[in-house]
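This report refers to the structure that appears directly beneath it.
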Amino acid sequence: MAHQWRGLIAEYPDRLPFGEGDPVVTLREGGTPLVHAPALDARTGATVYVKVEGANPTGSFKDRGMTTAVSRVLQTGVKVVACASTGNTSASAAAYAVAAGLQSAVVLPAGKIAAGKLAQAIVHGATLVAVDGNFDDCLRIVRELTETHPVALVNSVNPYRLQGQKTAAFEIVDQLGDAPDIHVLPVGNAGNITAYWMGYSEYAGRTTLASLDETATRLPAASTKLPEMWGVQAWGAAPLVLGEPVDEPETVATAIRIGNPASWKYAEAARDDSHGWIDRVTDERILAAQAVLAAEVGVFVEPASAASVAGLIQAAEAGRVPQGATIVCTVTGNGLKDTATALGGREVDIDPIAPTVEAAVAALAL
Ligand code: AN7
């Protein structure tokens, strides 16, 4: 019989803070493709894989953290989940709230959410609030209101989010047979870099600053080494590179348009403990990397996701990529979420032809 991936909590029961009989809310997230990208080998001299997180149920890596966060909420009796979001967290929270029978409330920066993500929050029945401000304002508001109202916060400051997200590192080690030499990923609110570092560390038999004591692994190590963590921010939203918050973050990659990341200290720890770095890339490089992934690898990602690949290519051009290294880039979200940016000014209205094979042959210049 065909075997279906069961979702993170069922696939990694020993490494997540849930016991037998605990409620589990899942849309069968995780188990995403790790795709070899020869076009990136050619540009870097390394062996490069992309971890395609856009293949998750709502089209981004956020589902990994949402299965754990929302499952935990069911244990508490709270009936409403809330988050601030640049789009993907709200889409995921709204979907998992539906699966859990809960309500969802999402607080978004007005006018800065890609159309696909907004559509997701709407069709999944979230209550939407648009704030005249940026993501950082939204997060401040949601943190405060969840402290004083019976509403569960499901942003990545909720430690259950990072618990779910760390499993992407487990999958990579399971698929490659060991940890890669380098892991590259986009950094916005800095939860994901924190979670990957936790996952790699726990699989190597260690804990990190962000590990939950109760789940810190006491299991045998599943990997023999740890990767360098390379984080990539957008040029106009690069607080971790500048070393100070950015008041008015701006980038075409709206998902990472964040000026004051919540997991700042954890991200710095991941960078430093792994002997990695966090750098920034221009919007032009982000869009160029998105085009390389689409036209030369066959993977359509949203702009924020392409930041990881843009950072890798930039590092290669600067001679910073060790030749022959095994490198994994996480591409965090699906390109279908933001088709307008991907198409740019390109023509999408094509003049129709007569409904005949001859006309098609002529139009295709065959
Ligand atoms: C596609 O949805 O912050 O550094 O509110 O959607 O863990 O924040 C999204 C972030 C990268 C950055 N790629 O990850 C939100 C939100 C995509 C994203 C990031 C996000 P973090």
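Figures for the structure shown
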read-out	value
Calculated from backbone phi, Karplus (6.51, -1.76, 1.60) coupling profile of the stretch 109-126 in Hz, x at Gly/Pro	x, 4, x, 10, 10, 4, 4, x, 5, 5, 4, 4, 4, 5, 5, 7, x, 5
Simple label model, 7 Å out from Cα along Cβ direction - Glu147 to Ala325, nm	4.0
Mean Cβ count within 10 Å, highest first, over the residues of peptides 299-309, 260-270	299-309, 260-270
The stretch 143-156 - phi-based ³J(HN,Hα) in whole Hz, Karplus 6.51/-1.76/1.60, Gly and Pro as x	4, 5, 6, 6, 6, 10, 10, x, 9, 8, 7, 10, 6, 6
Protection proxy ranking of 102-111, 77-86, 340-349, 159-168 - average other beta-carbon atoms within 10 Å, highest first	159-168, 77-86, 102-111, 340-349
Cβ charges +1 (Lys, Arg) and -1 (Asp, Glu), total dipole of the chain, debye	620
Inter-probe distance in nm under a simple model that places probes 7 Å from Cα toward Cβ, at Ala119 and Thr207	4.5
Calculated FRET efficiency for the pair Ala288/Trp5, C-beta based, R₀ 41 Å, to 0.05	0.80
Fraction of antiparallel bridges per DSSP, the chain only, in percent to nearest 5	15
Residue-span extension gain [Thr76 to Asp132] - 0.36 nm each, minus C-alpha spacing	16.9 nm
Protection proxy ranking, peptides 7-18, 88-99, average beta carbon neighbours within 10 Å, highest first	88-99, 7-18
Alpha carbon centroid spacing (whole Å) that separates the stretch 217-240 from the stretch 1-80	17
Linear extension gain, Ala42 paired with Glu250, 0.36 nm per residue minus alpha-carbon span	71.7 nm
Sites Val35 and Trp264, calculated FRET efficiency, Cβ-Cβ separation with R0 30 Å, nearest 0.05	0.45
Amide proton proximity set for Arg280, modelled H, under 5 Å, gap of 5+	Gln233
Within the accessible area of the chain (1.4 Å probe), percent carbon and sulfur	53
Arg140/Ala340 FRET efficiency (R0 35 Å; Cβ-Cβ; nearest 0.05)	0.75
Shape call, the chain: gyration tensor on alpha carbons, a/c limit 1.5	rounded
Cα-projected label distance for Glu296 with Asp14, points at 7 Å along beta-carbon direction, nm	4.1
Potential extension, Leu366-Ile350 segment - 0.36 nm per residue separation minus Cα distance	3.9 nm
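The values are calculated or read from the model by the stated rules, or taken from the named source; none is laboratory data. The model shown is predicted, which means the values in this text are computed figures rather than measured ones. No Cβ is skipped: glycine too gets one built from the backbone with ideal geometry, and neighbour counts run over all protein chains shown. With ligands, DNA and RNA removed, areas are computed over all heavy atoms of the protein, side chains included. Shrake-Rupley method; radii C 1.70, N 1.55, O 1.52, S 1.80 Å.
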